[in-house]
1. Only residues that are part of a helix (DSSP H, G or I) and either away from ligand 1 (no atom under 16 Å from the Cβ) or without any contact (Cβ under 8 Å) to a residue 40 or more places away in the chain (or both): list them for the stretch 127-146, please.
2. Could you identify the single residue in R172, R213 that is surrounded by 10 or more Cβ atoms within 10 Å (Cβ to Cβ), of a type in the set (K, R), modelled with pLDDT of 90 or more and in a helix (DSSP H, G or I)?
3. Which one is surrounded by the most Cβ atoms within 10 Å (Cβ to Cβ), of the residues in the stretch 111-126 that are of a type outside the set (G, A, S) and within 11 Å of ligand 1 (Cβ to nearest atom)?
4. When the residues of the stretch 93-126 are filtered to those that are in a helix (DSSP H, G or I) and without any contact (Cβ under 8 Å) to a residue 12 or more places away in the chain, which remaining residue is farthest from the chain's Cα centre (by Cα)?
5. So, in the stretch 16-30, exactly how many residues are surrounded by fewer than 20 Cβ atoms within 10 Å (Cβ to Cβ) and more than 17 Å from R65 (Cβ to Cβ)?
6. Looking at the stretch 21-58 only, could you name the residues that are of a type in the set (D, E) and touching a residue at least 24 places away in the same chain (Cβ under 8 Å)?
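The values are calculated or read from the model by the stated rules, or taken from the named source; none is laboratory data. Because the structure is predicted, anything quoted here is derived from the model rather than measured. Cβ placement follows ideal geometry from the backbone for every residue including glycine, while neighbour counts extend to all protein chains displayed.
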Amino acid sequence: MPVHRWIWRDAERRVQKLLRFGETEIDGGRDILRAAEVTSDSLLRRLFMVHATDEHRHGVLFRRRAATLLRARPRRAMPAFQADWLAPGGHGLDDLRVEEESDDTLLAFLHVSEKAAASRFTVYRDALQHDPATRAIFDDILHDEIFHMNYTLTQLVRISPEHHRWHLWRARLSRLWKGYLRLATAVAGVIGAVLLTVQYFIILPPFAFLAKRAQRRERPGWSPISPERNGSLKDEY
Ligand SMILES: [Fe+2]
Ligand SMILES: [Fe+2]
């Protein structure tokens with residue numbers, strides 16, 4: 001919680017995060033609308049439509065709040081550190097490929113994602129005690145996320161009464177793996193930056209020194225070359 005309070009206290013970072021969350025929610029809504037188009041189950045289609053509308057509304061709420069904050073306090077020239085791997089967007093719905101999923105795998109994926117969103121948004125809401133308006137938005141969105149979390153599980157059990165547990169575990173493992181990949185990429189980025197900095201300060205200076213020494217030995221101006229090396233360039237052709 002102290003980490004999240006620190007993350008959300010900075011106004012510039014809050015604006016950036018809200019804008020990014022808005023984008024994720026609207027993108028997620030678009031994917032779920034696509035899922036409504038491709039499913040052959042009429043009840044699921046109706047639920048997906050409601051779900052997509054909710055996600056679009058969340059995106060608009062986040063964007064509007066970011067715009068209000070931005071008007072109240074103009075942006076700094078230096079963007080704030082985003083700490084995305086500590087406080088990521090809600091769903092992870094950006095990993096979704098609707099066409100590659102069947103109704104049951106999609107519902108399992110959605111359930112796991114919505115559950116994660118609900119628990120993250122609870123933390124963010126609690127961390128935002130100093131900003132009641134943003135806090136109210138998280139609180140409002142949280143109600144929808146809990147509905148999404150519940151209906152996806154109920155429908156998964158209806159569609160796949162025997163295999164729903166297996167689908168849920170698969171979705172959890174896949175989410176865990178993607179989380180690991182994201183973390184590994186971030187760690188690799190840090191290690192790369194450290195190694196390049198070390199190389200710059202340890203390996204490069206001797207070469208710079210040698211180059212400067214060689215430069216001092218060079219005679220200034222044009223220097224003649226031996227007649228053997230001074231043949232016509234056309235000879236080679
Ligand atoms: Fe949402
Ligand atoms: Fe949701």
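1. A127, P132, A133, R135, A136, F138, D139, L142, H143, I146
2. R172
3. E114
4. By that ranking, first place goes to E100.
5. Summing the residues that are surrounded by fewer than 20 Cβ atoms within 10 Å (Cβ to Cβ) and more than 17 Å from R65 (Cβ to Cβ) in the stretch 16-30 gives 2.
6. Going residue by residue through the stretch 21-58, those that are of a type in the set (D, E) are 23, 25, 27, 31, 37, 41, 54-55.
Across the stretch 21-58, the qualifying residues are E23, E25, D27, D31, D41, D54, E55.
A quick yes/no check of all residues on (1) touching a Pro at 6+ places or on another chain (Cβ under 7 Å); (2) part of a loop (DSSP other than H, G, I, E, B); (3) at pLDDT 95 or above:
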residue	(1), (2), (3)
D31	no, no, no
H56	no, no, yes
R65	no, no, no
L69	no, no, no
A77	no, yes, no
Q82	no, yes, no
